[in-house]
1. Quick check for the chain: number of Lys pairs with alpha-carbon distance under 13 Å, counting only pairs 8 or more apart or on different chains?
2. How far apart, in nanometres, would the label points at Leu68 and Thr34 be if each is projected 7 angstrom from Cα along the Cα-to-Cβ direction?
3. Rounded, prolate or oblate: which fits the chain when a ≥ b ≥ c are the square roots of the eigenvalues of the alpha-carbon gyration tensor, with rounded for a/c under 1.5 and prolate only if a/b beats b/c?
4. Name the GluC sites (Glu not before Pro) in the chain that are in a loop by DSSP and that have at most 16 other C-beta atoms within 10 Å, would you?
5. With runs of 4+ DSSP H residues as the only contributors, calculate the mean residue ellipticity of the chain at 222 nm using -39,500 (n - 2.57) per run, divided by the residue total and rounded to the nearest 500.
6. Where in the stretch 1-70 are there trypsin sites (Lys or Arg not before Pro) that are in a DSSP coil and have at most 11 other Cβ atoms within 10 angstrom of their Cβ?
7. For a Förster distance of 30 Å, can you work out the FRET efficiency between the beta-carbons of Asp13 and Glu55, rounded to the nearest 0.05?
8. Using 19 Å as the cut-off for backbone N distance, which residues of the stretch 49-64 belong to the label zone defined by a point 7 Å from the Cα of Thr2 along Cα→Cβ?
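Throughout, read-outs are computed from the coordinates displayed, never taken from laboratory work. In this text the structure is predicted, and so the values were computed from the model without any measurement. We place every Cβ from the backbone using ideal geometry, glycine too, and count neighbours over all the protein chains shown.
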Amino acid sequence: MTKEEILRSYLEDDLFIEQKYLAVGEAGKYKWATHSDNNLIQVLKLAIEGEVSNESANVTEKKINTLLNRQQ
């Protein structure tokens, strides 16, 4: 699976629609390069990128913390 396919599989979860993170049908059109102001989607992308590139969990965690700290 590509990074984009992995991301879409998470975004197609009903929780994203129920919590109004995405509109119905939007997940299927979502591209890896699509910019999102949604922190949850950005965190998912960082986690997927880290897993695909085999970076250590500590590095991925630091990237996620940096992202979330910038948003405050």
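1. Numbers: Lys3/Lys31; Lys3/Lys45; Lys31/Lys45; Lys45/Lys63.
Final tally of qualifying lysine pairs is 4.
2. So the two model labels end up 2.4 nm from each other.
3. Numbers: a/c = 2.29, a/b = 1.38, b/c = 1.66.
Because a/c hits 1.5 or more and a/b fails to exceed b/c, the chain counts as oblate.
4. Details: sites: Glu4, Glu5, Glu12, Glu18, Glu26, Glu49, Glu51, Glu55, Glu61; in loops: Glu12, Glu55.
Passing sites in the chain are Glu12, Glu55.
5. Values: 5 runs with 46 residues, N = 72.
So the helix-based figure for the chain works out to -18000 deg cm²/dmol.
6. Values: sites: Lys3, Arg8, Lys20, Lys29, Lys31, Lys45, Lys62, Lys63, Arg70; in loops: Lys20, Lys31.
Loop-located and lightly packed - Lys20, Lys31.
7. Numbers: r = 24 Å, r/R0 = 0.82.
So, using R0 = 30 Å, E works out to roughly 0.75.
8. Within reach of a label on Thr2: 49-54.
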